[in-house]
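Below is one structure, written out as structure tokens; comments come after it.
The values are calculated or read from the model by the stated rules, or taken from the named source; none is laboratory data. Since this is a predicted model, take the numbers as computed values, not measurements. Positions of Cβ are generated from backbone atoms using ideal geometry, with glycine treated the same way; all protein chains shown enter the neighbour counts. With ligands, DNA and RNA removed, areas are computed over all heavy atoms of the protein, side chains included. Shrake-Rupley method; radii C 1.70, N 1.55, O 1.52, S 1.80 Å.
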Amino acid sequence: MDLNLLTTFLSVYHHKSITLASEELELSQPAISASLKRLEGVIGKALFVREGRGIVPTGAAVALANKIESPMSVLETIEGQQDHLNVYCSEAVLFKVAHIDNITIAETPLDEEIIIDDLYTQKVDLVIDAMSSKHQSLIVEEFHEEDAVCLTRLEHPRIKGQISLEQYFNEQHIALKVRRNNLNTLNHLSDKPVATRKIKIETGSVASMLAIASQTDFIASSSREIAEEFAQNMGLRIHEIPFELNRIKFNMIYHRRYINDAFHKAKREALRNAIIQRS
């Protein structure tokens, strides 16, 4: 069997789109469709069916993907050994790893689906973030935990010492746009629903949040270590959040194809050590 048929199939399977697969593989859409028809002829079963304006995999497609994905990943790894890593990294720990050689770092996108797609299509080799994944082909390694805290400017007119529960919900807040498991940050960390805060500003950046908090009376939130790194220089006071939250759990997420890749493994260890040793 032509292995290119399987490569095409996996691309369509992950994207659930012939258009996106054609863009990834730099092939025309008719060529993608023809490859799928050839593969369906070989296995004697339909692989995709129309649903609305898109396509969805059949049971035969799911079974085929589960059988071939790991072997295909091994073949891809053998074909091209890495000497550079593209990394998505949470802003909360990015400042700890910027010195590591042979990696290019970008902040983790806000949208989890984009992150997963970029891992599958090899746009990114490794993700460091508080998100997780149940995708069979992705490895999730929990390696670091931090507390969540809140911050106010030192000259805040109403909050001087520890913030009370009443103060926390009476004041206006700056919130991150990021969603994990379709939840905002606080609900993602809580075992029970959290009362609605008064959100004044939403931003996609912790740095932006801290900068705004330093110039306003709004409350910011972040992980403890980035707060301790920048609070003094920015004129901010760190407070414990006045209700129970789970710790922020940071994971390394990468495709199973890299589990034994020597270069990838060495960089994972370097990144892990840089984050943990500065804790």
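Consider the candidate values [x] 1.03; [y] 1.20; [z] 1.67; state which one is Cα Rg over 2.2 N^0.38 Å computed from the structure displayed.
Checked against the structure: label [y].
On a C-alpha basis, how far is the centre of region 1-48 from the centre of region 188-240 in Å? Whole number, if you could?
After rounding, the separation between the Cα centres reads 46 Å.
Could you check the spin-label model distance between His84 and Gln172? Points 7 Å from the Cα along Cα→Cβ, value in nm.
4.5 nm
Among Leu25, Leu154, Leu110, which one shows the biggest mean-square fluctuation in a GNM of the chain, springs joining Cα atoms closer than 10 Å?
Top of the fluctuation ranking is Leu25.
Using modelled amide H (1.01 Å from N, peptide plane; none on Pro or chain starts), what sits under 5 Å from the amide H of His173, excluding residues fewer than 5 places away?
Distant-sequence amide H within range of His173: Lys198, Ile199, Lys200, Ile201, Ile219.
Strictly over 19 Å apart at the Cα level, which of Lys96/Lys134; Lys134/Lys265; Lys67/Lys134; Lys134/Lys249; Lys96/Lys249; Lys123/Lys249 would you flag in this model?
Lys96/Lys134; Lys134/Lys265; Lys123/Lys249
Run through region 100-153 and list the trypsin sites (Lys or Arg not before Pro) located in a DSSP loop whose Cβ has at most 14 other Cβ atoms within 10 Å.
Qualifying residues, ordered by number: Lys123, Lys134.
For Leu245, enumerate residues with amide H under 5 Å from its amide H, sequence gap 5+ or separate chain, H modeled in the peptide plane.
none
If you roll a 1.4 Å probe over the chain with all protein chains in place, what percent of the accessible area is carbon or sulfur?
Numbers: 7160 of 14480 Å².
Ligands and nucleic acids excluded, carbon and sulfur reach 49 percent.
Restricting attention to region 238-279, which trypsin sites (Lys or Arg not before Pro) occupy a DSSP loop and are surrounded by at most 16 other Cβ atoms within 10 Å?
Those satisfying the criteria are Arg247, Arg278.
Could you work out the longest stretch of the chain that avoids the GluC sites (Glu not before Pro) located in DSSP loops with at most 16 other Cβ atoms within 10 Å?
Working: sites that count: Glu26, Glu155, Glu244.
Between exposed loop sites, the widest span is 27-154.
What FRET efficiency would be calculated for the residue pair Gln162, Phe95, taking the C-beta separation as r and a Förster radius of 30 Å, to the nearest 0.05?
0.65
Go through region 213-219 residue by residue and turn each phi into a ³J(HN,Hα) via Karplus (6.51, -1.76, 1.60, θ = phi - 60°); whole Hz please, and just put x for glycine and proline.
Couplings: 4, 5, 10, 9, 9, 7, 8 Hz.
With both bridge residues required to lie in the chain, what share of the DSSP beta bridges run antiparallel, to the nearest 5%?
Bridges in the chain that DSSP calls antiparallel: roughly 65 percent.
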